[in-house]
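Structure first, commentary second.
The values are calculated or read from the model by the stated rules, or taken from the named source; none is laboratory data. Quantities reported herein were computed from a predicted structural model and do not represent experimental measurements. Cβ: placed from backbone, ideal geometry, glycine included. Neighbour counts: every protein chain shown. Accessible surface areas use protein heavy atoms only, side chains included; no ligands, DNA or RNA. Shrake-Rupley method; radii C 1.70, N 1.55, O 1.52, S 1.80 Å.
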Amino acid sequence: MTLSPGILPDRALSEAVVQGWIASDAPLETGQIQPASLDMRLARRAWRLRASFLPGPSRTVMDCLDEDVVMHELDLEGGAVLETGCVYLAELQESLSLPDAVAAFANPKSSTGRLDVFTRVIGDQSSAFDQVRAGYQGPLYVEISPRTFSVLARPGDRLVQVRLRAGEMTALDAVTLSVDLKAGDGQPVGYRAKRHSPLVDLLKVGAHDPERFWEPIYAPHGRIVLDPGEFYILCSREAVSVPVDQAAEMAPIAPEIGEFRAHYAGFFDPGFGVDAAGGAGSRAVLEVRGRDVPFILDHGQAVARLVYEPMSSDVKTPYGVAGSNYQAQGLKLAKHFKQG
């Protein structure tokens, strides 16, 4: 397959499967290939860890899973509860055999970030999370740490997604996003996650009562105070659109601020927010966690950047054309919760 520099679109990802760059324990499922990424599925085996780790350049992930690191092994078949505050590692069904000019990078899926489930992908000989070097050949694993809600996970659940990039990263543009804290008609400007909530079953879409998990947040004066350690769902003031020949990723606006983190799931696919794909007025949902001290957030305050990259070739099905949970969204919780 001949590739121009940029992010591989759905057509090229399908061809990558045929070429053996992407392999799997089971045939890929409908919807697993997205416009500019591949959803990765949990396999059957997982481990509860004492702490997170990176294998480094000389070890495989399995080399690291000794009694010093592993507390116990889990079988996800039939479902297993991943508890809040714990660190887990799970095998992924998909593995990679990349050519020398193609690298991969990962991000939580949108719904994963909105559930406050912290995830990071690692491979053998990895020295960084969520980055797979060009030419990598081997299995992939995902570190999972639920921060607010415990979750019920099974083989086949999709928590993370991977993009393939040909050549070096080429940033086309970067747009600053600010927070919207002026909802009208008495509507909430966001939601704060409730502690000690029930279990979230990852398989059940639209089945969880949001009132048992979330507290609506109002800001009559366009200002809220972020409490340390609390998790919030907020919304960008700006409408976001991603042209069909580009992909985007959310990045921190200023890491040195240090008082809050404003993104977890950062991939925006080609066609997101584009009128022709039914996305007029789409906003970016912001997953925000307060850090060390209480922090005042004002309407219009800059919170993140959206960095655009070129696609390596044409996308077959832009985001939203074949249906999606988050096209034309405003302030919106994860798909697992009953809407409206």
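Of the strands (runs of 3 or more DSSP E) that lie entirely inside region 205-255, those containing 1 or more residues that are among the basic types (K, R), touching a residue at least 40 places away in the same chain (Cβ under 8 Å) and surrounded by fewer than 16 Cβ atoms within 10 Å (Cβ to Cβ) span 223-226. On inspection, P35 fails the criterion of being surrounded by fewer than 20 Cβ atoms within 10 Å (Cβ to Cβ), of a type outside the set (S, T, Y) and in contact (Cβ under 8 Å) with a residue 40 or more places away in the chain.
In this structure, is G56 more than 22 Å from the chain's Cα centre (by Cα), open to solvent by less than 40 Å² (accessible area, probe 1.4 Å) and at positive phi? Answer is yes for this residue. Just to be sure, is G266 modelled with pLDDT under 90, at negative phi, within 16 Å of the chain's Cα centre (by Cα) and open to solvent by less than 10 Å² (accessible area, probe 1.4 Å)? For G266, the condition - modelled with pLDDT under 90, at negative phi, within 16 Å of the chain's Cα centre (by Cα) and open to solvent by less than 10 Å² (accessible area, probe 1.4 Å) - is met.
Table: residues versus (1) over 29 Å from T84 (Cβ atoms); (2) touching a residue at least 40 places away in the same chain (Cβ under 8 Å).
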| position | (1), (2) |
| --- | --- |
| D116 | no, yes |
| T119 | no, yes |
| Q125 | yes, yes |
| L164 | yes, yes |
| M169 | yes, yes |
| D173 | yes, yes |
| S178 | yes, yes |
| D185 | yes, no |
| L199 | no, yes |
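Looking at this structure, is E215 charged (D, E, K, R) and touching a Leu at 6+ places or on another chain (Cβ under 8 Å)? In short, no. Summed over region 110-144, residues that are among the basic types (K, R) and under 18 Å from F267 (Cβ atoms) total 2.
Taking region 71-109 as the range and being open to solvent by less than 30 Å² (accessible area, probe 1.4 Å), more than 30 Å from D269 (Cα to Cα) and not in a loop (DSSP other than H, G, I, E, B) as the test, the residues that pass are L74, A80.
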